[in-house]
Amino acid sequence: MGSHQHDMSSGVGTASFSDLWSPDVMLFTLLVACLYFLVTGPLHKRFANATVATTRQKLLFIFALVLFYTAQGSPISYYGHHYLFSLHMLQQSILYFALPPIVLLAMPEWLLERIFRPKALKAILRAVTHPLVAALMFNTLFSFYHIPFIFDAAALNHQWMTVYHVILVFAAFAMWWPIVSPLSDNKKQLAGLKKLTYIFANGVLITPACALIIFAENPLYATYISAPQIFSSLDTFSDQRLGGIIMKLVQELVYGCVLAYVFYHWYKQEKQEDLPMDLQPSAANILMKTPATDEGRA
């Protein structure tokens, strides 16, 4: 195992346990977990038309919390912020491309309806999750963030960096909303080819930011140029290129899987609609139930 590790640079200081594992993020994650399992479990009876979360939803939520803590509370966050651009991009890949759809799929519909019941929140939700608005908002914010002078300015101010990341996470949820469609009244907002086109368009819109990083001829970010080199075999320029590749690969993998899933179900539905009426599932069920009903009456 040791033969696969890079040689550590002597210029890197020793981080504390608190730096590496962020107890505050761990506590926040545990509190969110307790709140979710209480509201969707024993306390669900206090809400009208509420049901207990399914096993699938619970498992997805646990997985989402693991992803969140991995990205935000593990050494990935510490080293990504201070030393390695590639780990910073891995962190972003998890927060923007893996986490949002899993969280949305883990949320019971009644809970989301309860959260967005106030008219003001419902109006904001409707505005920011419109497919065109959501796609442009997320990809524009993401691209601006990776412009060198904006990135370096944010990196110098922890508060501004946090604010920008929170905004990007919310924008990512808005971008994923038309794809996952967690509420019934949104499920026909995008369907079939429209949903496929939307996913493909998001993949295209994010490409310039990744290309800027991957194909740059020099290191772009002063934050990492001046950072101590952790691995002797991974210089700043190679780390930057690796970061761009990681982001693009994760994005392509996630979008590719979602595209395949959506296409399969769209194709399956189209094939069913092309069947003769007497062979379609609904008609077949009616034909199967009719004789049994007649026999029961006889």
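Just a few scattered comments:
- The requirement of being of a type in the set (Val, Ile, Thr) and in contact with a Leu (Cβ under 6 Å, 6 or more places away or on another chain) is satisfied by ILE76.
- When residues in segment 84-94 are screened for being part of a helix (DSSP H, G or I), touching a Phe, Trp or Tyr at 6+ places or on another chain (Cβ under 9 Å) and open to solvent by 10 Å² or more (accessible area, probe 1.4 Å), 2 of them pass.
- Residue match in segment 49-60 (condition: in contact with a helix residue (DSSP H, G or I) (Cβ under 9 Å, 6 or more places away or on another chain) and either surrounded by 21 or more Cβ atoms within 10 Å (Cβ to Cβ) or among the acidic types (Asp, Glu) (or both)): yes
- Taking the numbered list (1) loosely packed, with under 13 Cβ neighbours inside 10 Å; (2) in contact (Cβ under 8 Å) with a residue 60 or more places away in the chain; (3) under 29 Å from MET175 (Cα atoms) in turn, LEU242 passes all entries but (1).
- Any hit, segment 200-213, residues being in a loop (DSSP other than H, G, I, E, B), surrounded by fewer than 16 Cβ atoms within 10 Å (Cβ to Cβ), out of contact with any Gly (no Cβ under 8 Å at 6 or more places or on another chain) and at negative phi: no
- Across segment 174-199, the qualifying residues are those that are over 18 Å from the mean Cα position of the chain (by Cα) and surrounded by 16 or more Cβ atoms within 10 Å (Cβ to Cβ), and the one among them that is nearest to CYS257 (Cα to Cα) is LEU190.
- ALA98 out of contact with any His (no Cβ under 9 Å at 6 or more places or on another chain), among the small types (Gly, Ala, Ser) and outside any helix (DSSP H, G or I): no
- Top-ranked residue of segment 146-155 - restricted to ones that are touching a residue at least 40 places away in the same chain (Cβ under 8 Å) and assigned to a helix (DSSP H, G or I), ranked as least open to solvent (accessible area, probe 1.4 Å): PHE151
The values are calculated or read from the model by the stated rules, or taken from the named source; none is laboratory data. In this text the structure is predicted, and so the values were computed from the model without any measurement. Note that we place each Cβ from the backbone using ideal geometry, even for glycine, and neighbour counts take in every protein chain shown. For the accessible areas, the whole protein counts, side chains as well, though only heavy atoms, and no ligand, DNA or RNA atoms are used. Shrake-Rupley method; radii C 1.70, N 1.55, O 1.52, S 1.80 Å.
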